Amino acid sequence: MKKLMKLLPFLLFPILLMTSCTFEINKDVQDPCKYIDKLKSELDTSKISSLELLEVKFNRNFLIDDYKNEMLNNSIDYLCIDNIENLDDTFNETPTYKLFITFDSNEKFVIEVFKNGLVSVFPWDGKGNKEYFSSANIPEGYNLYNYCEFINPKTYK
């Protein structure tokens, strides 16, 4: 009996260690709108500190001062789970515009806008997969391609 009492802590200790360990499955795969939801919450809670527009074809980068915050918020609000696109790995189209959004909370997001109506959203650090959305059902006034054309200093004067 004394031997069992001496062995009991050695037997219980590994069991306690094993039960306290948990294995967490990557939740990024389960949430198809993780980045767009995070972007929307940042728009609601933080102020945009900078907005840059990159015209990819000509590699022109513009720091946008007057970016029409309400118009950007409404355009991003229309991107939702109803408009999500599942694209395979062979998709390699070059975007027309890239928006780089930096918030006061130091969160950074990249929005790629394609001419055919696709929009991709991902964090600045590039971790995780891009989320693709279709802008086919979005009103023309809130289409991100039209927004980029509107704030582009070369097209809007």
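The values are calculated or read from the model by the stated rules, or taken from the named source; none is laboratory data. Fair warning: this is a prediction, and the values are worked out from it, not measured in the lab. Counting neighbours? That spans all protein chains shown, and the Cβs are built from the backbone with ideal geometry, glycine included.
Quick notes on this one:
- Test: residue in region 117-135 that is among the charged types (D, E, K, R) and over 17 Å from the mean Cα position of the chain (by Cα): no
- If you go through region 122-149 and keep only what is part of a helix (DSSP H, G or I) and either surrounded by 14 or more Cβ atoms within 10 Å (Cβ to Cβ) or of a type in the set (Gly, Ala, Ser) (or both), you end up with GLY141, TYR142, LEU144, TYR145, ASN146, TYR147, CYS148, GLU149.
- Answer residue from region 32-77, given it is surrounded by fewer than 14 Cβ atoms within 10 Å (Cβ to Cβ) and among the hydroxyl-bearing types (Ser, Thr, Tyr) and is nearest to ILE138 (Cα to Cα) among those: SER41
- Candidate set from region 51-91 (those that are farther than 17 Å from PHE150 by Cα and outside any loop (DSSP other than H, G, I, E, B)); member that is modelled with the lowest pLDDT: ILE81
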